1. Report, by residue number, each residue of segment 234-249 that is more than 13 Å from the chain's Cα centre (by Cα) and crowded, with 17+ Cβ neighbours inside 10 Å.
2. List every residue pair whose Cβ atoms sit under 6 Å apart, with the two residues 6 or more apart in sequence or on different chains, where the first one lies in segment 274-291 and is at positive phi and not assigned by TED's automatic domain parsing to the domain that holds residue 260 and the second, anywhere, is crowded, with 17+ Cβ neighbours inside 10 Å and not in a helix (DSSP H, G or I).
3. Please state which one of 93, 65 is free of Cβ contacts under 8 Å to residues at least 12 places away in the same chain, farther than 20 Å from residue 226 by Cα, outside the structural domain of residue 218 (by TED's automatic domain parsing) and within 25 Å of the chain's Cα centre (by Cα).
4. Among the residues of segment 375-388, is any more than 21 Å from residue 332 (Cβ to Cβ) and in contact (Cβ under 8 Å) with a residue 40 or more places away in the chain?
5. Touching a strand residue (DSSP E or B) at 6+ places or on another chain (Cβ under 9 Å), over 20 Å from residue 263 (Cβ atoms) and free of Cβ contacts under 8 Å to residues at least 12 places away in the same chain: is that true of residue 335 in this structure?
6. Taking the criterion of being in contact with a strand residue (DSSP E or B) (Cβ under 9 Å, 6 or more places away or on another chain), surrounded by fewer than 18 Cβ atoms within 10 Å (Cβ to Cβ) and modelled with pLDDT under 95, would at least one residue in segment 101-109 satisfy it?
7. Determine which member of the set 50, 9 is outside any helix (DSSP H, G or I), under 21 Å from the mean Cα position of the chain (by Cα), surrounded by 16 or more Cβ atoms within 10 Å (Cβ to Cβ) and modelled with pLDDT of 95 or more.
C-alpha cells in the first residue's frame, strides 16, 4: 500500500525522524490558513506547495511550486488542486490532485549551505536482508545517478534479526562525507529511519532529498513509503491511510469482491485459479504472441456468480481482445466450473464480444469439455497447454 508524502512524514515523525513541517489541505482557503500557522510556528515566509499523488516526478509536472507570499499560496494551491498532474510515472491522462501539502521552505535565505542526500531502505531479495541505499547525489533521479555514476551509490545490507548497529550508521555518515555535529545528526537520522521502516512493516522507505542545513541539522524533505499489505492487520491506523482514489478503480472493485486482480497492459484477459497457475498462464500467453491484460486468480470457488463477476472485471478493460480461462479442478470439480462459465456467459451475452479459450483440467475434466463444446457459445476448448496457446494465437491473428 502506497502512502502520500504527508502520511509518510507522519510515520517518520512518530519515530523521531526530523521532517520538513507542513499541513495537508484540500482547498486554497485552507492552504492560506495553514500557511499562516506555519509562519507563526516556524517563522517561514516562503512556502512549498506540493501536490499529493502517488507518483514521483511531481515537480517536473508542475505539482511542486514555491510560494513567496500568502497571496501566492492561494493562487498556486487553487491551480494545483483539481488539476490532472502528468509526471514521468503517471499515464498520459495523469492523476487528479485532491489535496496539497503546504510545507515550510527549508531552503531559506541564510541557509545557503544546504547539502542534499539520497537514502532509502528496502528489502534485498537476493540476500534476504534489508538494504540501505544512499548517495551524496540527493534531489536527483537515483536511476540516472546509478546509470551515469554508479560509484556514487552506496549500499549496506542489514540483518533483520540483528538490526542496524551504531557502526553501520556511522559508516553511512562517513561515506556521505559528514563530520562533527552533522555526522552525529546523520547517525541518529539513519537509526530512526531504519526503525521506522522495520516497525511499520514497510517494503520501501525512500527519502529524496535528505538535507543538511547550514546549522548541521538533518531532515527529510520528501518521503515515499510503501507498506506491506500482508502486515496491515498489525497496523489498523496505517490501513486507514489507504487512498483508493489513487489506485486503479478496477483493482479496487476486484478487491472489494474478493478477487486477486492486477491490471496489466495487454490484450488477453486471464481467469485462473491459483497464483502459480496464473503466472504460468501469463507465460503461455506471451509465448503465443499475446500480452496478458491482467493477473486474475478467482480462487478455489469458481461458481457461476464468481465467474460472472470475474468476467465483468475483465471486460472493463477495452484492450481485451480474447479471454483465456485456465482452471485446475482439484477442490472444485471441472464440470461445476464449466456450468458456471456457461451460465455467466449466457447472463452476459450482450457484454462479451471476444472469443474465449477454455482449458479445464482435473476432476471431471472430460465432462466439463463436453459442457463447453455443446454450449453453442463463442468458446474454444483446449486440453493441453500447447493447444490452449495455439488457440490464443489463432484468435488473436483473426481479431
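The values are calculated or read from the model by the stated rules, or taken from the named source; none is laboratory data. None of these values were measured; they are calculated from a predicted model. Cβ sites come from the backbone with ideal geometry, for glycine too, and all protein chains shown count toward neighbours.
1. 235, 238, 241 - these are the residues of segment 234-249 that are more than 13 Å from the chain's Cα centre (by Cα) and crowded, with 17+ Cβ neighbours inside 10 Å.
2. From residues that are at positive phi and not assigned by TED's automatic domain parsing to the domain that holds residue 260, there are no pairs.
3. That would be 93, the only listed residue that is free of Cβ contacts under 8 Å to residues at least 12 places away in the same chain, farther than 20 Å from residue 226 by Cα, outside the structural domain of residue 218 (by TED's automatic domain parsing) and within 25 Å of the chain's Cα centre (by Cα).
4. Step one: list which residues in segment 375-388 are more than 21 Å from residue 332 (Cβ to Cβ), which gives 376, 378, 380, 386-387.
Okay, now just the ones that are also in contact (Cβ under 8 Å) with a residue 40 or more places away in the chain, so none.
No, the conditions are met nowhere in segment 375-388.
5. no
6. Within segment 101-109, one or more residues are in contact with a strand residue (DSSP E or B) (Cβ under 9 Å, 6 or more places away or on another chain), surrounded by fewer than 18 Cβ atoms within 10 Å (Cβ to Cβ) and modelled with pLDDT under 95.
7. Details: 9 fails: outside any helix (DSSP H, G or I).
Within the list 50, 9, the selection yields 50.
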